[in-house]
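Right, one structure below, let's go through it.
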Amino acid sequence: MALLFFGTDPNSGGGNCPAVWVDTATAEGPQLVLQGKFADAATRAACSQDSPPAHDEGVIRIPVRMVDQIRKACDAAEAASAQL
C-alpha cells in the first residue's frame, strides 16, 4: 500500500477525521481513501434508495471545507493513473 496523505479537516482541532489520502498501489489503479464520521441512520436510509451499500461499504460525511484537499487528491490520483 502506498498512501499519499492530502490533509485533514482544518477545523478538526487535532489532526483527526475527516481526512483524505490517495492509494497509488492498488491492482485497479489509484484510489481515494476517505475517513469521516459515519452518517446517521436517516442519511444511510436515504442514500440506500439510490445506491444500497454492500456489506463491506459504508456512508460517511465529509464537510465541504475538505473540497480543496479532495480536489488535490483527485488530481494526484488522475496523474498517477496516467503514468500506468
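Among Ser81, Ser12, what's the order by accessible area (1.4 angstrom probe), most exposed first?
Reading off the accessible areas and sorting them downward yields Ser81, Ser12.
Pop out the ³J(HN,Hα) list for the range 57-70 in order, Karplus 6.51 cos²θ - 1.76 cosθ + 1.60 with θ = phi - 60°, rounded to Hz; leave Gly and Pro as x.
10, x, 9, 10, 10, 10, x, 4, 5, 8, 3, 4, 5, 5
Two-decimal Rg/Rh of the chain from alpha-carbon positions, Kirkwood Rh?
Looking at the chain, the ratio lands at 1.01.
Per-residue HN-Hα couplings for the range 17-28, Karplus 6.51 cos²θ - 1.76 cosθ + 1.60 at θ = phi - 60°, whole Hz, x for Gly and Pro?
These are the phi-based 3J(HN,Hα) values: 5, x, 8, 9, 9, 10, 9, 8, 10, 9, 4, 8 Hz.
Tell me, what HN-Hα J-couplings in whole Hz come from the Karplus equation 6.51 cos²θ - 1.76 cosθ + 1.60 at θ = phi - 60° for each residue of the range 32-38, using x for Gly and Pro?
6, 10, 10, 10, x, 6, 5
Counting only residues 5 or more places away or on other chains, whose amide H sits under 5 Å from the amide H of Gly7 once H atoms are built in the peptide plane?
For Gly7, the qualifying residues are Val20.
Can you sort Asp56, Asp40, Asp50, Asp9 by 1.4 Å-probe accessible area, starting with the largest?
Correct descending sequence by accessible area is Asp50, Asp56, Asp40, Asp9.
The values are calculated or read from the model by the stated rules, or taken from the named source; none is laboratory data. Note that the structure is predicted; figures quoted are calculated from it, not measured. With ligands, DNA and RNA removed, areas are computed over all heavy atoms of the protein, side chains included. Shrake-Rupley method; radii C 1.70, N 1.55, O 1.52, S 1.80 Å.
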